[in-house]
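Okay, structure first, notes after.
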Amino acid sequence: MQRSSDRIITSHVGSLPRPEDLITLLRTKDAGGSYDRRDFERRVHQSVFDVVRRQVQGGIDVVNDGEHSKAGFSSYVRTRLGGLEPAPKGSTAPPITSKDAQAFPGSYADLAHMYNARKARLNRGASPNNLPLICTGPVTYVGQQDLAFDLETLAAALKENPAREGFLTALSPTNIESYFENWYYKTQEEFLFAIADAMHEEYKAITDAGFVLQIDDPRLITHWDREPTITLAENRAFIARHVEALNHALRGIPPETVRFHTCYSTNIAPRVHDLELKQYVDQMLLINAGGYSFEASNPRHEHEWQVWEEVKLPDDKVLLPGVVTHCSSIVEHPELVAQHLIRYASVVGRERVIASNDCGFATSAAGDEVHPEIAWAKMSALVGGARIATRHLWKRG
């Protein structure tokens, strides 16, 4: 994993706006619908080349495929794991409850209405087969063809548009466990570690191909909000168990080739019950990764840079704090972005700070968190802020 050895380098969390014609195709594939494989690969190939080119030309140093082969950062695993099948007809996924939804019921109801309306529009022509999946047999990894295509496509795109480094995202066992109900394993722990064993193949293939692996794990810290009756002690036990499972999935993979991302999932919504960084940072640092990515620029978490004044970041680790957010359509001023970066550099060292964003700008195909025009403007502000911070931290000009 690259460091900011001579300047503040830039990256992002992974998900970038997808063309609308691609979204329907991706949703059909992830839902198990029929599609032409050759046409699918041709369209994704074009989109990945376009998004890599735009990142490089925009000044992003550590780039990825924008997750343009996936309908969402999480739904893609529906087609990559064996042992899962659709729930019986008539089944529905349990409603999402949270402390924040209970505190702001009207606001969350309005947000759900807008989300569902956009989802319905984008689903036109997509397969209606979107039943919840259940685990009815041994969990295995069956996504080798899709994974090989992702690796080959990003490698080819980077050959045409060289960048400082490339990364690919993959979902954590924590999130997969929460999405699929266990009907097969005797215990939930057996189910969790079976997922970890299966996903190990995807994780290792990414690093073996020479890319940095980013683990996406919002559930690790959103669990606190999604379980309204849980105590902090019970939540820490949840985190400890899932950190252990993730490290099991990462076994044999050099930590310096892995970066870990977590966030709060709720996006542009009222948020007063987020788990605070100080309540989980010690457990996050137990994850066998070389870098840690987290929300740091929205008003609920902007102050948390001070946590690193009390917490010792191991010498072989780096931070990827979010310095622009997906939680607002306001485009940050580059001077503000620079201030964020300078604060982090002041407590962990300039070479151990990589400029990133709070979360993906298009985490699911049901809708972008911010409009694509705004997303790219925020990426530009991120790059501009990194340049200003570089001039300050390296005393240039």
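Does A157 qualify as being assigned to a helix (DSSP H, G or I), in contact with a Phe, Trp or Tyr (Cβ under 7 Å, 6 or more places away or on another chain) and either among the hydrophobic types (A, V, I, L, M, F, W, C) or at pLDDT 95 or above (or both)?
Against the criterion (assigned to a helix (DSSP H, G or I), in contact with a Phe, Trp or Tyr (Cβ under 7 Å, 6 or more places away or on another chain) and either among the hydrophobic types (A, V, I, L, M, F, W, C) or at pLDDT 95 or above (or both)), A157 qualifies.
In the stretch 174-197, what count of residues is obtained for those that are in contact with a Leu (Cβ under 6 Å, 6 or more places away or on another chain) and not in a loop (DSSP other than H, G, I, E, B)?
Qualifying residue count, the stretch 174-197: 2.
Name the residue, out of A205, A194, that is in contact with a strand residue (DSSP E or B) (Cβ under 6 Å, 6 or more places away or on another chain) and touching a residue at least 12 places away in the same chain (Cβ under 8 Å).
Step by step, each of A205, A194 is checked, and only A194 is in contact with a strand residue (DSSP E or B) (Cβ under 6 Å, 6 or more places away or on another chain) and touching a residue at least 12 places away in the same chain (Cβ under 8 Å).
From the set of residues in the stretch 50-69 that are under 18 Å from V212 (Cα atoms) and not hydrophobic (A, V, I, L, M, F, W, C), which is surrounded by the most Cβ atoms within 10 Å (Cβ to Cβ)?
N64
Run down A386, A362 and say which single residue is in contact with a strand residue (DSSP E or B) (Cβ under 7 Å, 6 or more places away or on another chain) and under 24 Å from D50 (Cβ atoms).
A386
Please list, ordered by first then second residue, the pairs with beta carbon atoms under 7 Å, 6 or more apart or interchain, first in the stretch 101-118 and closer than 10 Å to P270 by Cβ, second modelled with pLDDT of 80 or more and loosely packed, with under 12 Cβ neighbours inside 10 Å.
A103/V272
Please go through the stretch 340-372 and give me each residue that is more than 20 Å from P299 (Cα to Cα), among the charged types (D, E, K, R) and modelled with pLDDT under 95, ordered by number.
D368
Scanning for something closer than 26 Å to H326 by Cα and in a helix (DSSP H, G or I), does the stretch 62-71 turn up at least one residue? Before you say what the answer is, go through the steps one by one.
Let us first name the residues in the stretch 62-71 that are closer than 26 Å to H326 by Cα, namely 62-71.
Within this subset, residues satisfying the condition of being in a helix (DSSP H, G or I) are none.
The answer is no, given that none of the residues of the stretch 62-71 is closer than 26 Å to H326 by Cα and in a helix (DSSP H, G or I).
Hey, among Y141, Y108, which residue is surrounded by fewer than 21 Cβ atoms within 10 Å (Cβ to Cβ), aromatic (F, W, Y) and modelled with pLDDT of 90 or more?
Of the residues listed, the single one that is surrounded by fewer than 21 Cβ atoms within 10 Å (Cβ to Cβ), aromatic (F, W, Y) and modelled with pLDDT of 90 or more is Y141.
Which of the residues that make up the stretch 339-367 are of a type in the set (G, A, S) and either surrounded by fewer than 16 Cβ atoms within 10 Å (Cβ to Cβ) or within 23 Å of the chain's Cα centre (by Cα) (or both)?
Matches in the stretch 339-367: S346, A355, S356, G360, A362, S364, A365, A366, G367.
Within the stretch 208-219, count every residue that is assigned to a strand (DSSP E or B) and either among the hydroxyl-bearing types (S, T, Y) or out of contact with any Phe, Trp or Tyr (no Cβ under 6 Å at 6 or more places or on another chain) (or both). First the steps, then the outcome.
Initial filter on the stretch 208-219 (assigned to a strand (DSSP E or B)): 212-216.
Imposing the further condition that a residue be either among the hydroxyl-bearing types (S, T, Y) or out of contact with any Phe, Trp or Tyr (no Cβ under 6 Å at 6 or more places or on another chain) (or both) reduces the set to none.
Within the stretch 208-219, residues that are assigned to a strand (DSSP E or B) and either among the hydroxyl-bearing types (S, T, Y) or out of contact with any Phe, Trp or Tyr (no Cβ under 6 Å at 6 or more places or on another chain) (or both) number 0.
Across the stretch 58-104, what is the total count of residues that are at pLDDT 90 or above, among the aliphatic types (A, V, I, L, M) and under 18 Å from E227 (Cβ atoms)?
2
Just to be sure I understand, how many residues within the stretch 7-31 are part of a helix (DSSP H, G or I), in contact (Cβ under 8 Å) with a residue 40 or more places away in the chain and charged (D, E, K, R)?
4
Which residue out of S34, S4, S47 is among the polar types (S, T, N, Q), in a loop (DSSP other than H, G, I, E, B) and surrounded by 15 or more Cβ atoms within 10 Å (Cβ to Cβ)?
Going through S34, S4, S47 in turn, the sole match is S4.
I need the full set of residues from the stretch 187-206 which are surrounded by fewer than 22 Cβ atoms within 10 Å (Cβ to Cβ) and more than 21 Å from A240 (Cα to Cα), in order please.
Across the stretch 187-206, the qualifying residues are E201, K204, A205.
The values are calculated or read from the model by the stated rules, or taken from the named source; none is laboratory data. Quick caveat, the model's predicted, so the values are computed rather than measured. A quick note on method: Cβ atoms are made from the backbone with ideal geometry, for glycine too, and the neighbour counts reach across all protein chains shown.
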